[in-house]
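Participant: After the structure tokens below, expect a handful of questions from me.
The values are calculated or read from the model by the stated rules, or taken from the named source; none is laboratory data. From a predicted model like this one, the values you see are computed outputs, not experimental measurements. For neighbour counting, all protein chains shown are included, and Cβ atoms are generated from backbone atoms with ideal geometry for every residue, glycine included.
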Amino acid sequence: MPNLLLLNFNGVRYGVWEDAVPSVISAVPLHHLPLSPAVIAGIAIIDDRSAVIADLGACLGRTPLANPRQGTFLIIDANDTIAGFCVEGKVEGFECSPERVLSLPPAVATPVADTCAVRGSSLLPIINFGHLHDRLKQGLLELPLPEPGPPASACDLSGLRSIRVLSVGDAQFCVNAGDTAYAVLGEGGIAAVPVLSRRLAGVALHNGAAVPVMLPETFLGCVKADNRKGILLAGPQGARYAVAVDQDLGIVEGTDLAVLALPKLAAKPWLPAAAIARGKICLFVDSNVFAAPEDLALVQAEKMSFTPSSQFPAQFRKSDTAVVEFSLLGTRHAVPQEEMKDDLALLPFVPVPGTPEIVLGIAELHGELLPVLDLAALFGRRTPIGKKSRMMHLVNGDFHALVVTDEVAGSRQLPVGTQRQVPIALPHQVLYGCYLDAGMVRLILNVEALAVHFEKTAVRELVASLSLELMETSAFETGSTATMVSTQHSAVASSVPAVLEAEHAVVQPMTETVSQSELAAHSGGDLDRGTAWDGPLVAPAGAGDVAQAAVSEEEGAGEDAPAKAAAEAAAREQARQRVEAEKLRAEDEARSRAVEQARLKAEAEAKAIEEKRAREEAEKLKSETESLARAEAEARAQEEARRKTAEEAVNMAAEEARKQKEEESRRKAEDLAKETAAVAARQAAEEAEQRAEEAKKHAAEEARTRAEAEAVKQERIIAEQQETENARKRKEDAERLAAEQLRIAAAEAAKRKTDEAQKREKEEAEERSAREALAKSRVMAEPRPEPLFSPESEPGHGEVRPVARKSRKYVGIAALIAILLILLFSVVNMLKRPDPQVSRPEKTENQAATQKRAPQSEKAPPLYLAVPSGGTLSAPFVYTVVKGDNLWNIAKRFTGNPFNYPRVARDNSLATPDLIFPGQTIRLLPQTAAGPRGAASR
């Protein structure tokens, strides 16, 4: 099983196959080369040679090692241009079976890493060590990018029926719920892969496969975090990809869901719409964008264009017009009244990522999503949002927007005489014009042009600076007017050139001096001649206004001169304070810009110096490296020459040894071939002999089997015939035996009677002899006693005394009765007693297995032969074998001696006494049955 080396880079783990690293050694001191790239850790002395060591972590896009001496060196070839790599800490290894190796998906797979290993519940990307080493030797320091996939297709909202709402940090978004799923991240989490990408988090293990995980921060504009809790799975089966999210907030469908297209100012190819779910706005993201190539995923929408229909540009400075004034950062500005559709309270809105700064977000109004604009972005600031904030609904052709403002002051009529052209060239007509109000310049804004062209630097810089310039111009005009009023119009003619000079000094330099007669000549003409003439053409109109104001002031001077003087003084003071404040702000901004420009210039100079120094050090390092390389090349050449000489000598010796070895091998091969042939011949002969023997045995076995089958068949036929004969003989024998038994019983009874009579007579004779002898002995031994009886009663000669006669009479009767009872009992038993069961020794399993099974005939009841007491049979007796019989038991049963079984076998022509079968007949001859008993009697 192959081993995998485990590498650690500040908590990020990668794997390298152990067989791809020839040598792993502890770190040795490194000499860092100045101005060397981050992937080169330095030069070390290995095996008395200088070797370049690369930083593997830096090569894989990780942070370079702070102290390589505390790491480990993975050496590939000490003589190569780059000998190996250094890694952090100690290198561990573990066994990895091929079943635990997975392919990385195409979205993250590169030649440097295209597989990963499953370790527990986490994935471990495997680095192709050899390929990375070859790239470094070729000078390719950047990591390769994965193969680009197909571009994301256009999002189709027509079939959208349900959405899945998810959260990422504080932001929420939704996707089509039809082809997506949510899964909680396991303990393994997301494994980083060596790919340089802003939107790729890594890979995660899901259902036994590696799934690429994308970062949503690039598209949603939220704060990046590394501890997302789950993943959103999207894409077709077999090509699934995931997006790191925090929580699945559920699926919304049916009447609770409404999907509306985003306005042009906020829409993106990957953000085409927003959903109104449960009364809240949720941005709808096309999930296909996460799988699109990185260079195509963030493509902006096509250039926005609207078709305005406002008539204000054609009416401005030609007729009285109406505007709506509103407050912006404490300053009043205006928009044409015909573009103002409604004044609304602040509506809830949702920020949209990737939009210009002027777009705060989107809000829903009357079933339509409108962009929310903040015009304070023109001045680099934000409008404070509060409870009193308002929204102006502006409409200009197909342009619809909501503008956030502090206050809507209301509409105002502008006479033609108060309308002014902006005294500066502005691109795209982002301002309609301006007018004076209490010594202040009010700008009339073209919101549609500002929204479309806001990101152009010229528009933002010119609009931001224009407000201050017009304020200063207005202050100068106000000051000149007050002077003319106080001097009873004595200096009206002389003040007009001063006003013009001050105005053009601020706005743009004058190329020539305009005389009063020229001003009078142009005062009645059409003054709107273009940008080049805006400055000088505005001045006559301003002078006329000043004269008209002076006449009006003179007519009313006698009525309320003190009040007007106080009001004018207050207005002048207010204007002066505003001008001073704006001047201070402008000076601060100018100083800031100057400081920033100086800083940028210093940084540029420092960068140039650093680049020059870097180039010099690089050239120096290059020369040193070349010198070192040349020295090493010379040393290698000498070493190569010595090595070649040694190799030649070794090769010659090896060639000679090879020839000898080949000759010996050839000889051994021939001997082996001969021996193999002999062995093969012997084996063939043995096999032929064995086959012949087996064939012979097989033929003998078949012949024996056939003979046995034939014998069994013949025996079965004989057994059937014998059975018929035996049945007949058994019947005759039974009849003959019954008659014989009756005859024997009668003979025995007669003989017993004769014997008993003879015995009785003999006993009586013996008793008489005994009595006579006793009487003689008594007479001879002692005197004659008194007779017991009288002579009259003495019995005659030959008779015994009465007591003796009575005793002999009873004894004879008892003996006769006993003999009759014994005879009767014997006869009854002989007639009624069944054949005694003969005990047979049980056969063992081996004996039963060795006996051949003969065909079984119909089982007949066992025959028990009553052997006469004399032990002889009057005629041959035939016995039929039943199951469990053997010759030993048969001989013992019918002859009285089991050792007669050889004679029984011989009389029945049985070659093997053990081979008897049920149904077979055994003839028992008289001499067989009488022999043993006769021998025993002798």
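Participant: So, in the stretch 153-187, exactly how many residues are within 18 Å of Ala225 (Cβ to Cβ), in contact with a strand residue (DSSP E or B) (Cβ under 6 Å, 6 or more places away or on another chain) and part of a loop (DSSP other than H, G, I, E, B)?
Facilitator: Result for the stretch 153-187: 1.
Participant: Additional query: For the stretch 350-395: of the residues being surrounded by 14 or more Cβ atoms within 10 Å (Cβ to Cβ) and without any contact (Cβ under 8 Å) to a residue 40 or more places away in the chain, which is nearest to Phe454 (Cα to Cα)?
Facilitator: Filtering first and then ranking leaves Asp374.
Participant: Return only the number of the condition from (1) at pLDDT 70 or above; (2) among the acidic types (Asp, Glu); (3) surrounded by fewer than 10 Cβ atoms within 10 Å (Cβ to Cβ) that Glu605 does not satisfy.
Facilitator: (3)
Participant: With the requirement that a residue be surrounded by 14 or more Cβ atoms within 10 Å (Cβ to Cβ) and free of Cβ contacts under 8 Å to residues at least 12 places away in the same chain, what does the stretch 754-764 give you?
Facilitator: First, the residues of the stretch 754-764 that are surrounded by 14 or more Cβ atoms within 10 Å (Cβ to Cβ): 756, 760, 763.
Result: Glu763, single match.
Participant: Among the residues of the stretch 120-129 satisfying the criterion of being modelled with pLDDT of 90 or more and under 16 Å from Glu18 (Cα atoms), which is surrounded by the most Cβ atoms within 10 Å (Cβ to Cβ)?
Facilitator: Pro125
Participant: Of all the residues that make up the stretch 261-280, how many are within 20 Å of Gly159 (Cα to Cα) and buried (at least 18 other Cβ atoms within 10 Å of the Cβ)?
Facilitator: Going through the stretch 261-280 one residue at a time, the tally reaches 11.
Participant: For the stretch 307-424, which fully contained strands (runs of 3 or more DSSP E) count at least 2 residues that are in contact with a helix residue (DSSP H, G or I) (Cβ under 8 Å, 6 or more places away or on another chain)?
Facilitator: Working: elements: 321-328, 331-336, 340-345, 359-365, 368-373, 390-396, 399-405, 407-414.
By residue number, 321-328, 331-336, 368-373, 390-396, 399-405.
Residues checked against (1) part of a loop (DSSP other than H, G, I, E, B); (2) in contact with a helix residue (DSSP H, G or I) (Cβ under 9 Å, 6 or more places away or on another chain); (3) within 20 Å of Gly354 (Cα to Cα); (4) modelled with pLDDT of 85 or more:
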{"position": "Val203", "(1), (2), (3), (4)": "no, no, no, yes"}
{"position": "Ala210", "(1), (2), (3), (4)": "no, no, no, yes"}
{"position": "Val213", "(1), (2), (3), (4)": "no, no, no, yes"}
{"position": "Phe219", "(1), (2), (3), (4)": "no, yes, yes, no"}
{"position": "Cys222", "(1), (2), (3), (4)": "yes, no, yes, no"}
{"position": "Ala225", "(1), (2), (3), (4)": "yes, yes, yes, no"}
{"position": "Ile231", "(1), (2), (3), (4)": "no, no, no, yes"}
{"position": "Gly238", "(1), (2), (3), (4)": "yes, no, no, no"}
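Participant: For the subset of the stretch 144-179 comprising residues that are surrounded by 19 or more Cβ atoms within 10 Å (Cβ to Cβ) and more than 15 Å from Leu283 (Cα to Cα), which member is modelled with the lowest pLDDT?
Facilitator: Ala152
Participant: I've got another one for you. Select, from Val422, Val441, Val447, Val372, the only residue that is under 24 Å from Ser309 (Cβ atoms) and out of contact with any Gly (no Cβ under 8 Å at 6 or more places or on another chain).
Facilitator: Val447
Participant: Against the condition under 29 Å from Pro876 (Cα atoms), touching a residue at least 24 places away in the same chain (Cβ under 8 Å), out of contact with any Asp or Glu (no Cβ under 8 Å at 6 or more places or on another chain) and of a type in the set (Gly, Ala, Ser), how does Ala745 come out, does it pass?
Facilitator: Yes.
Participant: Checking the structure you have, find out if any residue of the stretch 52-69 is modelled with pLDDT under 85 and either part of a helix (DSSP H, G or I) or within 31 Å of the chain's Cα centre (by Cα) (or both).
Facilitator: Yes, some residue in the stretch 52-69 is modelled with pLDDT under 85 and either part of a helix (DSSP H, G or I) or within 31 Å of the chain's Cα centre (by Cα) (or both).
Participant: Give the residue, chosen from Pro194, Pro146, Pro111, Pro150, that is in a loop (DSSP other than H, G, I, E, B) and assigned by TED's automatic domain parsing to the domain that holds Glu18.
Facilitator: Pro111
Participant: State yes or no: is Val28 surrounded by 18 or more Cβ atoms within 10 Å (Cβ to Cβ), in the same structural domain as Thr110 (by TED's automatic domain parsing) and in contact (Cβ under 8 Å) with a residue 24 or more places away in the chain?
Facilitator: Spelling it out, it is not the case that Val28 is surrounded by 18 or more Cβ atoms within 10 Å (Cβ to Cβ), in the same structural domain as Thr110 (by TED's automatic domain parsing) and in contact (Cβ under 8 Å) with a residue 24 or more places away in the chain.
Participant: How do the pairs read when you match residues in the stretch 1-17 that are buried (at least 22 other Cβ atoms within 10 Å of the Cβ) with residues anywhere that are of a type in the set (Gly, Ala, Ser) and part of a loop (DSSP other than H, G, I, E, B), using Cβ under 8 Å and keeping only pairs 6 or more apart or on different chains?
Facilitator: Between residues of the stretch 1-17 that are buried (at least 22 other Cβ atoms within 10 Å of the Cβ) and residues that are of a type in the set (Gly, Ala, Ser) and part of a loop (DSSP other than H, G, I, E, B), the close pairs are Tyr14/Ala113.
Participant: Run down Thr705, Thr645 and say which single residue is within 60 Å of the chain's Cα centre (by Cα) and of a type in the set (Ser, Thr, Tyr).
Facilitator: Thr645
Participant: Somewhere in the stretch 170-185, is a residue closer than 27 Å to Leu60 by Cα and in contact with a helix residue (DSSP H, G or I) (Cβ under 6 Å, 6 or more places away or on another chain)? Let's see the steps before the verdict.
Facilitator: Residues of the stretch 170-185 that are closer than 27 Å to Leu60 by Cα, as a first pass: 185.
Now narrow it down to the ones that are in contact with a helix residue (DSSP H, G or I) (Cβ under 6 Å, 6 or more places away or on another chain): none.
Checked against the condition, which is being closer than 27 Å to Leu60 by Cα and in contact with a helix residue (DSSP H, G or I) (Cβ under 6 Å, 6 or more places away or on another chain), the stretch 170-185 yields no hits at all.
Participant: So Asn900 ticks every box in (1) at pLDDT 80 or above; (2) surrounded by fewer than 16 Cβ atoms within 10 Å (Cβ to Cβ); (3) farther than 30 Å from Asp755 by Cα; (4) not basic (Lys, Arg) but one. Which box is left unticked?
Facilitator: Unmet condition: (2).
Participant: A follow-up question, please. Can you find, within the stretch 311-349, the residue that is nearest to Ala154 (Cα to Cα) among those that are surrounded by fewer than 19 Cβ atoms within 10 Å (Cβ to Cβ) and among the polar types (S, T, N, Q)?
Facilitator: Of everything passing the filter in the stretch 311-349, Gln311 is nearest to Ala154 (Cα to Cα).
Participant: Could you look through the stretch 577-589, keep only residues that are over 17 Å from Arg381 (Cβ atoms) and surrounded by 11 or more Cβ atoms within 10 Å (Cβ to Cβ), and pick out the one that is nearest to the chain's Cα centre (by Cα)?
Facilitator: Here the residue is Lys583.
Participant: Looking at this structure, is Leu200 within 13 Å of Phe290 (Cα to Cα) and outside the structural domain of Leu104 (by TED's automatic domain parsing)?
Facilitator: Judged against the criteria, Leu200 is a match.
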